[in-house]
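These notes concern the structure reproduced below.
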Amino acid sequence: MTAHLFGAGSTAMEVIAGHDLSGKEAIVTGGASGLGYETARALASAGARVVIAARDEAKGTQAAQAISNRTGNEKVVYRRLDLGSLESVTTWASRHAATGKPLHILVLNAGVMAVPLSRTVDGFESQFGVNYLGHFAFTVGLLPALRAAGSARVVSLSSRAHRYSDVRFEDPNYERRPYDPWEAYGQSKSACSLLAVALTARYGEHGVTANAVMPGGIKTDLQRHMSREDLASRGWDVEHPRGWKTPEQGAATSVWAAVAPELEGVGGKYLENCAIAAPWTGVGALPSGCYLPYAVNPGNADRLWALSEKLISDCGLPIPSTYSVPRRRDV
């Protein structure tokens, strides 16, 4: 099974075909709907035990049961997770890690998009706090389980919207600068990409690799905060916007990142359309299959990791020993 077999039109179920994940443990955040649901369904169809981590208990429970019914896999469960609360995130992760079970696949899929200015319970701008910082704390809390797997993969959902902003280290939470919902979304998605780079740099030699994924444009609940006018201005007010994917197609690259043999031991990459994307240094619109170089910059990734540690520590939360790891040798 090689990368050229799959592309923009591939579905998650096509990518997972032929894989046996029996005995493997997977966690998918935001797995109650949209891309997360299709990602969880594909992994479950291959025999993995899948934990859906999401905030809405009713939707999460229903999704887990639906996936079990559709795949015949009874090892699909729901566990409540609120990425907007660091206490929820760290408690969830520590309890899971305490079981001693290895974690083979972690898909950081949940998120919010282009929301009005709001803050998490810990005071972070909501898109930075939910899309990135909550996932950062969740991942680091699960490191004992990831390392116990021997070979584990983390999939961090980014977006082509990363082009709207690099991480603004001087004011990531919009405490001093004017708020722009799309700029904030772009910053959070650049941060999600940098998480994959930093995690691989620190833990790749311990068998934990991570890649960022651009799933493509897909109509899901992610657009629920956008006004009708905003949707119309972007051509997104129709049932099937031109060039967009179905949720099944949108989940394909996440599943490819989680299981593709050619990605074994490969991390710190930006993936799109079931392939490793290329850096874009040109001008104008960002082409499909490309990313802006700052989204995988090692120096930025290292700086963001340090900032994330500080932000969590400033909230008064204990930092597990797994946070304290050597910095990149080349930064």
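Here are some notes:
- Convex hull of Cα atoms in segment 40-99, direction-averaged projection (nm²): 4.1 nm²
- Annotation: extensible slack from Trp244 through Ala58 equals 64.1 nm (criterion: 0.36 nm per residue apart, minus Cα-Cα distance).
- Highest-fluctuation residue, His206, His135, His104 considered, GNM on the chain with Cα pairs under 10 Å: His206
- Within-12-Å neighbourhood charge of Tyr164 [Cβ basis; K, R +1; D, E -1]: +1
- Residues considered: Arg79, Arg176, Arg163. Largest GNM mean-square fluctuation over the chain, using C-alpha springs under 10 Å, is found at Arg176.
- The smallest convex shape that holds all Cα atoms of the chain, its convex hull, gives 130 Å³ per residue.
- Potential lengthening of the chain between Met13 and Glu262 amounts to 87.8 nm, from the contour at 0.36 nm per residue minus the alpha-carbon distance.
- Local charge for Val121 was computed over the other residues whose Cβ lies under 12 Å away, with Lys and Arg +1 and Asp and Glu -1, and equals -2.
- The chain - percent relative contact order, Cα under 8 Å, separation 6 or more: 19 percent
- Potential extension, Ser288-Asn69 segment - 0.36 nm per residue separation minus Cα distance: 75.3 nm
- Simple spin-label estimate for Arg168 and Ala148 gives 4.2 nm between the two label positions (7 Å along the Cα-to-Cβ direction from each Cα).
- All other residues whose Cβ lies under 15 angstrom from that of Pro279 are scored, Lys and Arg at +1 and Asp and Glu at -1, for a net of +1.
- Top of Asn273, Asn69, Asn109 by mean-square fluctuation, Gaussian network on the chain, Cα under 10 Å: Asn69
- Equivalent ellipsoid semi-axes, segment 1-118, via Cα gyration tensor eigenvalues times 5, rooted, Å: 24, 18, 14
FYI, it's all coordinate maths here, none of it is from the lab. As the structure is a prediction and not an experimental result, all values here were calculated from the model. Every residue, glycine as well, gets a Cβ built from its backbone with ideal geometry; the counts of neighbours run over all protein chains shown.
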